[in-house]
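Here the structure comes first, spelled out in structure tokens, and everything after it is commentary.
The values are calculated or read from the model by the stated rules, or taken from the named source; none is laboratory data. All figures in this text were calculated on a predicted structure; none of them were measured in a lab. Cβ coordinates were reconstructed from backbone atoms using ideal geometry, including for glycine residues, and neighbour counts include every protein chain displayed.
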Amino acid sequence: MTELTTLDIYDILKRLPHRYPFLLVDRVLELVPGKSIRALKNVTYNEPFFPGHFPHRPVMPGVMIIEALAQTAGILAFVTAGVVPTESTRFYFAGIDKARFRRPVEPGDQLLLSAQLDRNLRGIWRLSVLAMVGEAEAAAAELMLAPDLANTAPGIAPGNSAP
């Protein structure tokens, strides 16, 4: 797959192993393999974490925002590597640096999730990620993804993976 621009929920389900209630990407707005992705998460009051976080004022947990960003980065990684997730093709969330949370994310917000591939060194992918609500930054971080080296498909092994 060389040129994708958008993905609907059915395309996302083909490219991520996550399922309800842990699938946190609703639509991919723009995807440039090997470079960047922009995706959307509609935040609704029906999310399973809101009754406990917090009952008096629901706020999306920061760890869930980071997970949504990691899933967005994962879609970019799978598409860039040219593989579909199976039992033998997995990327793991390997690290996080410089995470910052700037504003609360509440029911009714739309999270615009973006990831940019910064580098791939020895099979570890480093990406800059950003979550926005409207024009306001909600969160930003640097993430690292790594293939499951013990069980991965040959196309995503170190040295064979994307940029």
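Tabulated data for the structure shown
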item	result
Any chance residue 40 is surrounded by fewer than 20 Cβ atoms within 10 Å (Cβ to Cβ), in contact with a Leu (Cβ under 9 Å, 6 or more places away or on another chain) and among the hydrophobic types (A, V, I, L, M, F, W, C)	yes
Filter result (of a type outside the set (Lys, Arg), within 14 Å of the chain's Cα centre (by Cα) and closer than 21 Å to residue 89 by Cβ) within region 10-32	12, 13, 16, 17, 18, 22, 23, 24, 25, 28, 31
Unique residue being touching a Phe, Trp or Tyr at 6+ places or on another chain (Cβ under 9 Å), surrounded by fewer than 16 Cβ atoms within 10 Å (Cβ to Cβ) and either among the basic types (Lys, Arg) or not in a loop (DSSP other than H, G, I, E, B) (or both) when the list is 119, 103	119
So residue 44, is it polar (S, T, N, Q), touching a Pro at 6+ places or on another chain (Cβ under 7 Å), touching a residue at least 12 places away in the same chain (Cβ under 8 Å) and part of a helix (DSSP H, G or I)	no
Lone qualifier among 117, 29, 113 - being closer than 16 Å to residue 137 by Cα and modelled with pLDDT of 95 or more	113
Test: residue in region 126-139 that is at pLDDT below 95 and assigned to a loop (DSSP other than H, G, I, E, B)	no
Selection within region 18-38 - in contact with a strand residue (DSSP E or B) (Cβ under 9 Å, 6 or more places away or on another chain), assigned to a loop (DSSP other than H, G, I, E, B) and farther than 13 Å from residue 73 by Cα	26
Residue list for region 79-93, restricted to those being surrounded by fewer than 22 Cβ atoms within 10 Å (Cβ to Cβ) and under 13 Å from the mean Cα position of the chain (by Cα)	92, 93
Residue check for residue 48: out of contact with any His (no Cβ under 7 Å at 6 or more places or on another chain), farther than 28 Å from residue 119 by Cα, surrounded by fewer than 17 Cβ atoms within 10 Å (Cβ to Cβ) and not aromatic (Phe, Trp, Tyr)	yes
Selection from region 48-95 of residues that are assigned to a helix (DSSP H, G or I) and among the polar types (S, T, N, Q)	71, 72, 80
Pairs, first more than 16 Å from residue 103 (Cβ to Cβ) and of a type in the set (Val, Ile, Thr) in region 49-71, second modelled with pLDDT under 95 and part of a helix (DSSP H, G or I), C-beta under 7 Å, six or more apart	none
